[in-house]
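The values are calculated or read from the model by the stated rules, or taken from the named source; none is laboratory data. As the structure is a prediction and not an experimental result, all values here were calculated from the model. Don't worry about glycine lacking a Cβ; one is built from the backbone with ideal geometry, like all the others, and counts go over all protein chains shown.
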Amino acid sequence: MKITFRQVDAFRTVVSTGTVTEAAAMLGISQPAVSRLISDFEAEVGFKLFQRAGRVLVPTEEARLLVEEVRQAVSGMEHIKETAAAISTFGHARLSLVVTPAGASQLAPDLIGSFAAACPRAMTRMEIASSDDAVEWMVSQNYDFGITTAEPANPSFDSIVIQDSDVFCVVPTGHALSQKPMVQARDLAGESFISYMPSSRFRFEIDQFFEAKEIARQMQYETRTTDAICRLVSRGLGVSVVGSGRDFLDTIPGCVALPFAAPLNFRAVLFWSRNKPVSAVGQTFLDLARAGLSDG
């Protein structure tokens, strides 16, 4: 059996459109060419694929059984074409980065921005994982770098601390606390509090701090990223304690960032596997991260 990609693509397109005319337009070939591809495909599979119902072609029961496999095959071929195009366009230069939600709003985008300036033709992929453990697992599999809130305990990783900063209390504009020069933990007693998700190590540290002081908050909202927390705060849904740069927090309208009196800090750690060599573009990214530390 000799089945070609063009036959499969024509079959899938006719199933989707219901007519040879529309399929030909989508594929950019003539109607007779589509009909011929369908006919050749029927000859290869050994059964009829369509029945005519007026002006529409209706897939046979056998065709319905086949179409899902065909869609997966076409999707796989399209992915191969896209990958080949990316390799051709970017010259094999690819960087993959996975971060926890706390670092996804500003830190990782800032690093990627610096990397893009240095390697404008490189293809960059940023994934957001739900927890520090998930980030570590993904880096151990196939990602170049990870950013978490604590240094990995696994000795198979190298790491550097790329951020160690104060935390801030964020409140809605006009909130009773918005004019305070410094927010104390007791100021948040009884307040509706917007938290990071329970899988966040930073969330765990914040909760421990309030529990040690026996200060109860209304734990009403949870979300993943610092940006999402601040957007909810700006809508008056509550207050929060976040880890991010003050310059980023000040860009969110309706949200006021205030110093928070607590022995808490926000750490971000860049790490990579010792078990695989760092690529040329990976080394550039690492050098930029280190240069950012010396600049700070």
Note to self: Need the failing condition index for Ser234 against (1) modelled with pLDDT under 90; (2) in the same structural domain as Arg186 (by TED's automatic domain parsing); (3) of a type in the set (S, T, N, Q), just the number.
What the structure shows: (1)
Next item on the list: With the checklist (1) among the charged types (D, E, K, R); (2) part of a helix (DSSP H, G or I); (3) at pLDDT 90 or above in hand, flag the one item Asp110 doesn't pass.
Entry: (3)
Next item on the list: Hey, can you tell me all the residues within segment 186-195 that are over 28 Å from the mean Cα position of the chain (by Cα) and either assigned to a loop (DSSP other than H, G, I, E, B) or under 21 Å from Ala129 (Cα atoms) (or both)?
Entry: Ala189, Gly190, Glu191
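Can you name every residue in segment 3-32 that is among the small types (Gly, Ala, Ser) and crowded, with 16+ Cβ neighbours inside 10 Å?
Ala10, Gly18, Ala23, Ala24
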Checklist line | Subset of segment 152-195 that is loosely packed, with under 15 Cβ neighbours inside 10 Å and more than 25 Å from Ser234 (Cα to Cα) - its residue that is modelled with the lowest pLDDT | finding: Ala153
Checklist line | Members of segment 219-259 that are under 17 Å from Asp110 (Cα atoms) and surrounded by 17 or more Cβ atoms within 10 Å (Cβ to Cβ) | finding: Thr225, Thr226, Asp227, Gly243, Ser244, Gly245, Phe248, Leu249, Ile252
Next item on the list: Pairs only if they're at least six apart or on different chains, beta carbon under 7 angstrom, first in segment 65-87 and modelled with pLDDT under 70, second not aromatic (Phe, Trp, Tyr); list them, first residue then second.
Entry: Ala86/Met123
Check: Looking only at segment 28-50, which residues are over 16 Å from Ser16 (Cα atoms) and part of a helix (DSSP H, G or I)?
Finding: Pro32, Ala33, Arg36, Ser39, Asp40, Phe41, Glu42, Ala43, Glu44, Val45
Next item on the list: With the checklist (1) among the charged types (D, E, K, R); (2) exposed (fewer than 13 other Cβ atoms within 10 Å of the Cβ); (3) not assigned by TED's automatic domain parsing to the domain that holds Gly113 in hand, flag the one item Arg274 doesn't pass.
Entry: (3)
Check: For Val98, which of the numbered conditions (1) free of Cβ contacts under 8 Å to residues at least 24 places away in the same chain; (2) in a strand (DSSP E or B) fails to hold?
Finding: (1)
Next item on the list: For residues that are more than 16 Å from Val239 (Cβ to Cβ) and more than 27 Å from the chain's Cα centre (by Cα), tally how many sit in segment 196-212.
Entry: 3
Check: Name the residues in segment 55-64 that are at pLDDT 85 or above and loosely packed, with under 13 Cβ neighbours inside 10 Å, would you?
Finding: Val56, Glu61, Arg64
Next item on the list: Please specify each residue of segment 197-225 satisfying the condition of being part of a helix (DSSP H, G or I), under 13 Å from Val241 (Cα atoms) and touching a residue at least 24 places away in the same chain (Cβ under 8 Å).
Entry: Phe202, Glu205, Ile206, Phe209, Phe210
